[in-house]
Structures are given as structure tokens and as C-alpha cells.
């Protein structure tokens, strides 16, 4: 199996990067939708239904598949011989940031369910602040993988 992973490495890495880009796009956009949903939309209105549909499609059709693909291809990279040296600190920091990114994804999913139930209590400011989370995590991940400072 490890021989196959080594042979497929360039393809696996390419598919991983493509998946990450799609996932990150959703992680950046969904909180912005929540800001506008919170600040500009009346619960139960047609616009509320429109935002709910956009948020649901973004999460289910783009973000969820992209997150799963990111994890699958990322784990394939982890198990490819010679790619990750777990005695270094960088893969552990990267793994922690990926787990935090996954937590954030699920946090957004829970917030979407609140909008569907008409039970959102968070102000737009909360979503603006939370919109910075994927940026910080992305910086950690990219620096750990490319520069490998630790």
C-alpha cells in the first residue's frame, strides 16, 4: 500500500491542495453570510429563506465534501513514506490546527441550524470575529508545512 501511495504522491498532493482551497473558500464565506443574515434579514422573511438556502448549499454541497476530501487526501499524504517525520514539532502543530479548523467547520454547522430554527442570538460582530479563525489557522498550517520552522 505504501508503494502505491508513493507512486500516487503528486496526484494525492494535488487533490489535497484543491480540496483545501475549496474548504477554505467556504470557511471564509459562510461566516460572512451569517453577518449579513444577522444584520440585514428578518426571521421568517423570504430573504431569511434565501439566506438559509445559500448557507445550506454552501455547507452541504461545497464545504462538507471539501472537508472530507481534505482529510482523506491529507491522511494519504501522512501515510506516504518519507513525507512526515513525527519526531519534528511541525506536523503536530499542523495537525492541531487542522483539528481546530474541523472544529470551526462544525461550529459553523451548528450556527446554521440555529438560523434554520430562528434561534440565532449572536450579533454580527461575533461572526466577524470568528471569520478570522480560519485565517489564523491557515497561516499556522501553511507555515508549518512549507517553512517547517520546528
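The values are calculated or read from the model by the stated rules, or taken from the named source; none is laboratory data. All values reported here derive from a predicted model rather than from experimental measurement. Cβ sites come from the backbone with ideal geometry, for glycine too, and all protein chains shown count toward neighbours.
See the values below:
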read-out: Residues of region 98-150 classified as in contact with a helix residue (DSSP H, G or I) (Cβ under 6 Å, 6 or more places away or on another chain), under 24 Å from residue 54 (Cα atoms) and outside any helix (DSSP H, G or I), total; value: 2
read-out: Region 54-84, residues that are touching a helix residue (DSSP H, G or I) at 6+ places or on another chain (Cβ under 7 Å) and part of a loop (DSSP other than H, G, I, E, B); value: 79, 80, 81, 83, 84
read-out: Selection count where residues are assigned to a helix (DSSP H, G or I) and touching a residue at least 60 places away in the same chain (Cβ under 8 Å), scope region 37-47; value: 3
read-out: Where a residue in region 57-83 is on the phi > 0 side of the Ramachandran plot and surrounded by fewer than 14 Cβ atoms within 10 Å (Cβ to Cβ) and its partner, wherever it lies, is modelled with pLDDT under 95 and assigned to a helix (DSSP H, G or I), with Cβ under 9 Å and at least six apart; value: 82/6
read-out: Residue match in region 41-52 (condition: surrounded by fewer than 16 Cβ atoms within 10 Å (Cβ to Cβ) and under 18 Å from the mean Cα position of the chain (by Cα)); value: no
read-out: Residue in region 1-21 that is closer than 26 Å to residue 118 by Cβ, part of a helix (DSSP H, G or I) and in contact with a helix residue (DSSP H, G or I) (Cβ under 7 Å, 6 or more places away or on another chain) present; value: no
read-out: Unmet requirement for residue 51, which otherwise passes all of (1) touching a helix residue (DSSP H, G or I) at 6+ places or on another chain (Cβ under 8 Å); (2) assigned to a helix (DSSP H, G or I); (3) under 20 Å from residue 18 (Cα atoms); value: (3)
read-out: Any hit, region 84-93, residues being surrounded by 13 or more Cβ atoms within 10 Å (Cβ to Cβ), closer than 22 Å to residue 20 by Cα and in contact (Cβ under 8 Å) with a residue 60 or more places away in the chain; value: yes
read-out: Subset of region 132-144 (residues that are crowded, with 18+ Cβ neighbours inside 10 Å and either on the phi > 0 side of the Ramachandran plot or in contact (Cβ under 8 Å) with a residue 60 or more places away in the chain (or both)); value: 134
read-out: Boolean, residue 122 is within 19 Å of residue 37 (Cβ to Cβ) and either over 17 Å from the mean Cα position of the chain (by Cα) or crowded, with 16+ Cβ neighbours inside 10 Å (or both); value: yes
